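**Student:** Quick one: structure below, then a few questions.
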Amino acid sequence: MTTTDNATGDECLIAQDWEAYSAQDHATWRKLFERQSRLLVSRACDEFLAGLDQLGVCADGIPDFRQLNDVLGRTTGWRIVAVPGLVSEAVFFGHMAERRFVATRWIRDPTQMDYLEEPDIFHDVFGHVPLLTNPAFADYLQAYGRGGLKALRLGSLDMLARLYWYTVEFGLLRTPDGPRIYGAGIMSSKGESIYCLDDRKPNRVAFDLKRILRTRYRIGDYQETYFVIDSFEQLMAETAPDFAPIYDELSGLPEIEPGDIQPSDTLVGGLFDTA
Ligand code: HBI
Ligand code: FE
């Protein structure tokens with residue numbers, strides 16, 4: 001079993017060095033936080049908003065991982081570790097498998113408020129960290145990390161990465177009041193927080209594991225298809241089985257294009273459908 005005690009796992013870690021952030025860095029965080037938290041109050045799932053509140057990830061500046069880790073340690077046992085930027089899959093999943101969330105410490109330039117090639121601290125901490133306070137989601141993410149290490153060994157990471165993409169990054173949650181956002185890639189994006197719920201263009205499809213593992217995705221634009229779960233417990237339950245036979249079964253089937261609807265799809269309405 002690959003452990004995260006190997007050199008590469010620890011070599012990548014750096015101190016957040018919270019004291020080194022500039023006044024401009026904190027001002028950029030404040031601007032992003034105030035804009036998103038206003039927008040998300042009616043769009044994010046309750047579990048995200050509760051996590052944001054519990055962590056005290058507040059508007060006044062870039063959060064200190066030491067304070068966040070104190071709260072996380074007392075709730076689900078997750079811990080944030082700082083890295084300089086994108087790390088290898090093995091390091092990424094290795095930490096995740098041990099309830100350590102890898103977060104970048106740098107924040108975007110004020111001229112890049114709306115789109116980033118790589119995750120910055122606003123995407124990682126505002127987008128991903130609040131849901132780590134939710135026990136079911138916290139369990140799912142650790143299980144995903146373990147699955148990632150196994151997929152690496154089986155050479156099936158391209159399929160498993162789609163599950164991360166369509167849940168952890170761009171997932172929607174069904175609620176009695178219509179779909180709500182839980183994916184971090186949406187949560188940290190002003191445009192996509194509106195588009196994913198309001199626009200009639202994207203497909204919204206009920207969660208279907210094998211369908212997701214076959215569905216390609218494009219980086220750098222809004223999603224053509226969003227997958228909608230009924231609960232975080234469903235996510236955990238549906239991904240509990242051993243994936244090895246599933247990888248074998250699917251490897252012989254054609255991939256599905258991001259915008260294509262399948263005959264087996266169950267479509268879910270957007271916000272406009274619940275008026
Ligand atoms: N590294 N720092 C960092 N952040 C990520 O989100 C990340 C990564 N390395 C690999 C990776 N993501 C992908 O493999 C996952 O999205 C599946
Ligand atoms: Fe992310």
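Every number here is computed from the coordinates shown, using simple stated rules; none is lab data. Predicted model, so just to flag it, every value in this text is computed and none were measured. Positions of Cβ are generated from backbone atoms using ideal geometry, with glycine treated the same way; all protein chains shown enter the neighbour counts.
**Student:** Once the piece of chain linking ARG146 and ARG216 is laid out straight, how much longer is it, given 0.36 nm per residue of separation minus the C-alpha distance between them?
**Tutor:** Full extension of this stretch gives 23.0 nm more.
**Student:** Can you pull the three principal axis extents for the Cα set of segment 128-200, in Å, largest first?
**Tutor:** Projected onto its principal axes, the Cα set of segment 128-200 covers 40, 26, 21 Å.
**Student:** For segment 1-127, taking Cα atoms only, what is the radius of gyration to one decimal and the Dmax to the nearest whole Å?
**Tutor:** 14.9, 44
**Student:** Quick one: order CYS58, CYS45, CYS12 by neighbouring beta-carbon count within 10 Å, fewest to most.
**Tutor:** Ranked by crowding around the Cβ, least crowded first: CYS58, CYS12, CYS45.
**Student:** Rounded to the nearest 500, what is the 222 nm mean residue ellipticity of the chain from helices alone, with -39500 (n - 2.57) per DSSP H run of 4+ residues and division by all residues?
**Tutor:** Computed ellipticity for the chain at 222 nm equals -12000 deg cm²/dmol.
**Student:** Expected output is a single nm value to one decimal: the length gained when fully extending between ASP230 and GLN24, i.e. 0.36 nm times separation in residues minus the C-alpha distance. What is it?
**Tutor:** 70.1 nm
**Student:** Let me know the volume per residue of the alpha-carbon convex hull for the chain, in Å³.
**Tutor:** Cα-based convex hull of the chain, divided per residue, equals 122 Å³.
**Student:** Return LYS201, LYS150 ranked ascending by Cβ neighbour count within 10 Å, so the fewest neighbours appear first.
**Tutor:** LYS201, LYS150
**Student:** Sorted from fewest to most neighbouring beta carbons within 10 Å, what does the list SER189, SER156 look like?
**Tutor:** Lowest to highest Cβ neighbour count: SER156, SER189.
**Student:** Would you mind computing, in nm to one decimal, how far apart the modelled labels at ASP260 and SER88 are, each placed 7 Å from Cα along Cα→Cβ?
**Tutor:** Between ASP260 and SER88, the simple spin-label model gives 3.4 nm.
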